[in-house]
Amino acid sequence: AYKQWKASNGKPPSDFGIVDEGEMKFRLSVWERNTPPMIDYLTRPESRSGAFLTVGEPNPQVGLAIPDEMPPGTYRIRARMGLTPEATPSRSFLEIGVRGKSLNDAISLIACRKISAPLSEGEVIEAEVVLPKLTVPLKEDIGPETKKVILLGERVIGFRERQHNTPQVSSGMYAKAIDETGFGIQPALWVDWVEWEGPIRSQRQMELAKELFFKGPDAIRDEAYAREILERFARRAFRGKEVRSTYLDKLVGHFRDRQNQGESFEQALMEPLSIVLASPSFLYLSEPSSGKDRRRPVDGRELADRLSYFLWSAPPDEELSRLASSGELGKKEVLAAQVERLLASPRSWEFVSGFGYQWLHLERLGFFQFNYRLFPEFDESVRQAAKEEVFHTLQTILAEGLPLGALLKSDFVVINDLLAHYYGIPGVHGSHFRKVQVPEGLPRGGFLGMAAILAMGSDGERSSPVERGAWVLRTLLHKPPPPAPANVPQLSRHAGKLLSARDLLAAHMEEAQCAQCHRKIDPIGFGLEHFNAAGLWREKELTEIAAGNRVKKAQEHEIDASGSLPDGTAFRNFFEMRDGVAARQDAFAKGVIEPLISYALGRPFGFSDAELAEEIYEKAKAKNFSLRAIVHALVESKDFHTK
């Protein structure tokens with residue numbers, strides 16, 4: 001169009017479909033800039049049989065659409081992948097997620113997989129994704145473009161090279177590479193094919209379906225059978241309570257109405273089943289009191305509820321309900337055996353992740369967008385894996401009956417291949433988390449070496465000795481600092497100065513209202529200063545003054561990681577500080593027991609619970625403070641059996 005316009009002897013650009021001369025020149029510049037990467041892409045022989053994933057144009061993502069007529073549920077996604085010769089270890093990871101409307105949009109991350117096979121051989125990777133029901137119904141009168149937009153917003157799985165989850169990052173990297181090389185960033189990942197399978201029915205789903213339609217596929221599907229199904233379902237949903245006949249009559253009435261409208265037996269059951277699941281009797285645990293300010297023992301059904309929601313975050317299963325109904329669950333040895341059974345089940349992951357998230361306040365990990373220029377490796381995949389490391393470590397401690405002290409210091413980590421790459425630990429292959437020995441001299445093993453814990457003690461730009469020190473005091477040493485006073489002075493007078501964290505906090509200590517607390521908090525936080533904001537080890541602290549992506553001034557500072565614990569015990573570096581904290585397992589145990597009581601009983605820990613905490617502490621101490629022993633002691637306690 002540009003050549004035709006130039007040769008047209010003064011014809012307006014609009015004759016060639018362009019608004020004006022300015023737009024014509026802009027389009028030409030875009031063409032000249034993007035053509036070399038496209039030519040480089042298309043001249044690669046493998047682009048004829050597959051697709052390369054590029055950072056930025058021309059192909060930042062491959063999309064796999066799940067047709068809108070497919071029901072919601074779990075789907076298995078597969079792809080055959082390979083590495084190009086240009087791939088480096090950092091660029092060998094594939095991200096899979098639900099994609100937005102554009103190829104350059106951010107994705108809702110599902111999984112991250114390391115690709116190891118060369119392009120000539122390839123390997124098949126897979127992940128599972130739970131797809132919801134389409135939120136916008138597809139009507140017959142909408143056009144294909146509208147349908148496409150709806151689909152792209154909810155049912156397209158995107159495959160891309162691992163990167164920070166903002167389009168500005170990839171576009172900035174692409175633009176920089178164009179300026180430097182003329183043809184962009186060389187691709188690292190090649191996609192041969194992608195496919196989906198589903199919906200996948202889990203064993204648990206199959207069992208529930210069989211339990212629901214308990215007479216089997218040959219049963220007479222009449223109203224009497226529907227009534228039996230609804231009664232069994234409601235009794236199970238209401239955790240063993242008898243279902244009133246009047247309530248059941250109304251459910252059957254809904255079923256009858258749906259069938260009269262032409263729905264099948266199974267379809268007609270969906271509405272009354274949904275009504276049951278929306279009932280307060282299902283949504284809330286009811287433990288009515290016997291009178292004002294009077295406590296009473298919980299009955300067998302209520303005990304089963306408490307235990308199941310504590311360790312599974314779900315209603316009791318058939319075995320637990322049966323023991324509750326027979327009165328056997330109240331026997332000490334039976335209850336202990338059920339605790340072991342529930343903890344041994346994969347469903348105990350709900351306890352590990354739920355309690356871990358609440359106790360350690362892991363919501364803070366998502367508070368900040370980390371500076372991708374300063375921390376290019378700390379992307380959404382690493383952030384997610386770092387959180388999972390915390391949960392999998394807790395699960396390992398629980399499963400192996402290890403003492404709580406292993407959370408303070410250990411010779412192992414529980415990681416996958418992505419975190420192994422992040423931490424610099426060789427020989428770890430596969431996306432599953434497993435126990436790995438920490439190489440000699442590496443500052444990992446225990447909470448204080450975890451990226452998630454360290455990243456929470458930052459603002460996405462700089463590490464914060466105050467946040468980290470306060471977290472150690474509050475969570476590990478059971479000595480929570482008081483909240484900051486309302487009149488904390490700002491340090492704006494130091495804006496524009498390249499001060500180290502220690503110097504900046506020294507200025508803060510000059511204020512009388514700040515000094516008292518910071519004398520206890522800061523010395524512990526300094527012991528973690530060799531870790532940057534993203535939890536990676538550094539030898540020097542870099543401070544910068546930047547305007548956008550341009551660094552105006554920068555300076556490196558020597559790190560002084562010496563400090564002292566609240567009782568005055570001095571340390572010279574991180575390793576001595578960690579040893580000092582690990583030596584205080586007793587205090588740490590108390591700091592675990594109190595939030596666990598709150599989690600198990602569903603209410604805040606109060607001063608009246610001090611006796612219970614001490615009772616659990618003494619029992620757990622006799623068993624070297626294993627998390628398993630603490631759980632058993634709590635379940636055996638009088639408070640767990642009392643409303």
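The values are calculated or read from the model by the stated rules, or taken from the named source; none is laboratory data. What you see is a predicted model, and the numbers here were worked out from it, not measured in a lab. When we count neighbours, we look across all protein chains shown, and the Cβ atoms used for this are built from the backbone with ideal geometry, even at glycine. Please note that ligands, DNA and RNA were not included when accessible areas were found on the heavy atoms of the full protein model with its side chains. Shrake-Rupley method; radii C 1.70, N 1.55, O 1.52, S 1.80 Å.
Non-local amide H neighbours of residue 415 (under 5 Å, H modeled in plane, Pro and chain starts lacking H): which ones?
434, 436
If you stretched the chain out fully between residue 183 and residue 317, how much longer would it get, using 0.36 nm times the residue separation minus the C-alpha to C-alpha distance? Provide the component values of the computation, followed by the final result.
Numbers: separation 134, 0.36 × 134 = 48.24 nm, distance 6.00 nm.
Answer, rounded to one decimal: 42.2 nm.
Diagonalise the Cα gyration tensor of region 529-643 and give the resulting equivalent ellipsoid semi-axes, square root of 5 times each eigenvalue, largest first, whole Å.
Details: eigenvalues 362, 73, 25 Å².
For region 529-643, the semi-axes come out at 43, 19, 11 Å.
In nm, give the distance between the simple-model label positions of residue 210 and residue 68, each being 7 Å from the Cα along the Cα-to-Cβ direction.
Result: 3.7 nm between the two label points.
Only helical DSSP H runs with n ≥ 4 go in: add -39500 (n - 2.57) per run for the chain, normalise by residue count and round the 222 nm mean residue ellipticity to 500 deg cm²/dmol.
Working: 23 runs with 268 residues, N = 643.
It comes out at -13000 deg cm²/dmol, rounded to the nearest 500.
Tell me the accessible surface of residue 312 in square angstrom (1.4 angstrom probe, heavy atoms of protein chains only), to the nearest ten.
Ignoring ligands and nucleic acids, residue 312 comes out at about 10 Å².
Using label points projected 7 Å from each Cα along Cα→Cβ, tell me how many nm separate residue 334 and residue 78, to one decimal.
Each label point lies 7 Å from its Cα, and together they span 4.7 nm.
Could you name the aspartates and glutamates whose alpha carbon sits less than 18 Å from that of residue 553, not counting residues in the same chain fewer than 8 places away?
Excluding near neighbours in sequence, the set is 461, 503, 541, 544.
Where does each of 349, 196, 5 land when they are ordered by accessible area, with a 1.4 Å probe and the largest first?
I get 196, 349, 5, largest accessible area first.
Report ³J(HN,Hα) in whole Hz for each residue of region 93-98, in order, from the Karplus equation J = 6.51 cos²θ - 1.76 cosθ + 1.60 where θ = phi - 60°; Gly and Pro get x.
So the Karplus estimates, Gly and Pro as x, are 9, 9, 9, 10, x, 6 Hz.
Would you mind checking the pairs 435/619; 25/176; 409/623; 520/619 and listing those with alpha carbons more than 25 angstrom apart? Provide the component values of the computation, followed by the final result.
Numbers: 435/619 28 Å; 25/176 22 Å; 409/623 18 Å; 520/619 31 Å.
Over 25 Å Cα-Cα: 435/619; 520/619.
Please give the direction-averaged projected area of the C-alpha convex hull for region 160-302, in square nanometres with one decimal.
Working: hull surface 73.8 nm².
Convex hull of Cα atoms, orientation-averaged projection: 18.5 nm².
Looking at 81, 303, 439, which one has the Cα that reaches farthest to the positive end of the dipole of the chain (charges on Cβ: Lys, Arg +1; Asp, Glu -1)?
303
Please list, in chain and number order, the residues 5+ apart from residue 445 or on another chain whose amide H is under 5 Å from its amide H, with Hs placed from the backbone.
Residues meeting the amide H criterion: none.
Between residue 200 and residue 9, how high is the FRET efficiency from 1/(1 + (r/R0)^6) when r is the Cβ-Cβ distance and R₀ = 56 Å? Nearest 0.05. Write out the running numbers ahead of the final one.
Numbers: r = 65 Å, r/R0 = 1.16.
The calculated FRET efficiency here is 0.30.
In debye to the nearest 20, how big a dipole does the chain give about its Cα centre with +1 on each Lys and Arg Cβ and -1 on each Asp and Glu Cβ? Display every interim value, and only then the final one.
Numbers: 83 positive and 88 negative charges, 138 e Å.
It works out to roughly 660 debye.
Have a look at 191, 177, 165 and report the one farthest towards the positive end of the charge dipole of region 158-215, computed about the Cα centre with Cβ charges (Lys/Arg +1, Asp/Glu -1).
The residue sitting most towards the positive pole is 165.
If you plug each phi of region 454-466 into the Karplus form 6.51 cos²θ - 1.76 cosθ + 1.60 with θ = phi - 60°, what whole-Hz ³J(HN,Hα) values come out, in order, with x for Gly and Pro?
5, 5, 5, x, 8, 10, x, 10, 10, 5, 10, x, 5
Based on the Cβ-Cβ distance from residue 30 to residue 579, what FRET efficiency comes out when R0 is 60 Å, to the nearest 0.05?
0.50
So what does log10 I(q)/I(0) come out to for region 581-621 at q = 0.16, 0.23 Å⁻¹, using the Debye formula with one equal point on every Cα and no solvent?
Log10 I(q)/I(0), no solvent term: -0.39, -0.73.
Starting from the Cα of residue 48, step 7 Å along the direction of its Cβ; do the same at residue 298; then give the gap between the two resulting points in nm.
Result for the modelled spin labels: 6.9 nm.
Output the DSSP H helices from the chain with an along-axis C-alpha extent of no less than 27 Å and a mean Kyte-Doolittle hydropathy no less than 1.6. Spell out each step's value before the answer.
Numbers: long enough: 21-42 (30 Å, -0.67); 380-399 (28 Å, -0.13).
Going by DSSP H runs, there are no hits.
Report the gain in length on full extension from residue 618 to residue 569: 0.36 nm times residue separation, minus Cα-Cα distance, nm rounded to one decimal.
Values: separation 49, 0.36 × 49 = 17.64 nm, distance 2.62 nm.
Roughly 15.0 nm would be gained on extension.
Beyond 21 Å between alpha-carbons counts as too far, so tell me which of 479/643; 210/250; 331/638; 479/590 fall in that bin.
479/643; 210/250, as the Cα separations exceed 21 Å there.
Please list, ordered by chain and number, the residues whose modelled amide H lies under 5 Å from the amide H of residue 498; skip anything fewer than 5 residues away on the same chain.
So residue 498 has HN proximity to no qualifying residue.
Stretched out fully, how many nm does the piece from residue 347 to residue 117 gain, at 0.36 nm a residue minus the Cα gap?
79.4 nm
Can you send over the solvent-accessible area of residue 257, 1.4 Å probe, protein chains only, in Å² to the nearest 10?
Rounded to the nearest 10, the figure is 80 Å².
Put +1 on the Cβ of every Lys and Arg and -1 on every Asp and Glu Cβ in the chain; which of 452, 237, 212 then has its Cα farthest towards the positive end of the dipole?
237
Taking the full set of protein chains and a 1.4 angstrom probe, give the accessible area of residue 478 in square angstrom, rounded to the nearest 10.
60
Taking a 1.4 Å probe, which of 528, 402 shows the most accessible area, and what order do the others take after it? Please report the intermediate quantities before stating the final value.
Working: 528 5, 402 40 Å².
Largest accessible area first, the list is 402, 528.
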